[in-house]
Amino acid sequence: MKRKFFIQLFVLAALVVSAFAPAGEAFAASSCGTGYTVVKGDTLGKIATRCDTTISALRRANPEIGNGNLIYPGQYLYLPGALIKGSGGYDTYIIARGDTLRSLANRFNTTVDSLMSLNPDIKDANRIYEGQRLVVPGSGGSTPPSNPVPTGKSYIVQKNDTLKKIATWTNTTVDAILAVNPQITNANLIYVGQVISLPDSVTTYTVQSGDTLKKISVRFGTTLDKVLALNPGITNPDKIYVGQVVRVY
C-alpha cells in the first residue's frame, strides 16, 4: 500500500510540475528537429543544449548570425540534419553529428569526389563539421553547372510571408520569383525557413512595420555590417522607418 501511495504521489507531482511549466519552454522543447523557431528568453547556448548541438554548429548552419549572439523571437534557425531545397537540381544539406562525406555520398546517390567538387571550400574529405552547409545533388539531378555553389540572391521566408508580399517588398513580381524557383509548384505554398531565390533585378527592400536592420539582414541571408555598408545614409542602425527603401544587394 505504501509503495502504491508513493507512486501515485510521484505521478501527481509530475503532473503539477508540467502544468506550471513556462509555455515558452514547452514550445521550445517540442521544436527541435531540423529547424527551430526562437522564443522569448532564448539564447544560442540554451538552444544548443536543448537541441543537442553546439553554438558553433548553430552559427555554421545559420551564417546570418555571424560571430555574435544576437537572435530574436520568431527567427527561424536551421539545425544539423536539415535539407534546404534549392533550384537547378541542387539542394543544401546541413551536416549532422556523425556524418562523413562517404556516408553522405551514399545517401545522396553521388560520390565523395563529386561532393568535394560541389563544395570547393572542403579541402580534406575527412574534415567536415557539424552545422556546415553542404551543396548536394537534388532529387531531380542534373548536369553540374560550371559554378554549382549557390551565389545568387536569396530570401529566407518568415512567418506570415507570401510570395506576393515578398515580390512587393523587393519591387519585383510573383512570376519573376517563380521563374527562378522551379521547385515551387504552387505560389500559395511556401513555408517558414524556406530559402527562395530572388531575380537578379532585386537590389532593395521596403521596410515594413516591426522591421529592424538586423531582421532584414537575416531575411536576405546577409549581415548587418554589409547592409550598413550598402546604405551609407543610415547613420543609426536603430533608426529606420516604415516605407524606407533599403539596399540589400
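The values are calculated or read from the model by the stated rules, or taken from the named source; none is laboratory data. As the structure is a prediction and not an experimental result, all values here were calculated from the model. Here the Cβ is made from the backbone with ideal geometry for all residues, glycine too, and neighbour counts use every protein chain on show.
Details
- Screening the candidates Leu118, Leu77, Leu101, Leu83 for the property of being of a type outside the set (Gly, Ala, Ser), farther than 23 Å from Thr53 by Cβ and either outside the structural domain of Gly41 (by TED's automatic domain parsing) or touching a residue at least 12 places away in the same chain (Cβ under 8 Å) (or both) yields one hit, Leu118.
- Qualifying position, being modelled with pLDDT under 95 and either within 18 Å of the chain's Cα centre (by Cα) or within 25 Å of Gly81 (Cβ to Cβ) (or both), among Ile184, Ile177: Ile184
- Residues of the range 213-238 that are part of a loop (DSSP other than H, G, I, E, B) and surrounded by 10 or more Cβ atoms within 10 Å (Cβ to Cβ): Phe220, Gly221, Thr222, Thr223, Asn231, Ile234, Pro237.
- Checking each residue in the range 194-221 for being within 18 Å of Gly138 (Cα to Cα) and either basic (Lys, Arg) or touching a residue at least 60 places away in the same chain (Cβ under 8 Å) (or both) picks out Gln194, Val195, Ser197.
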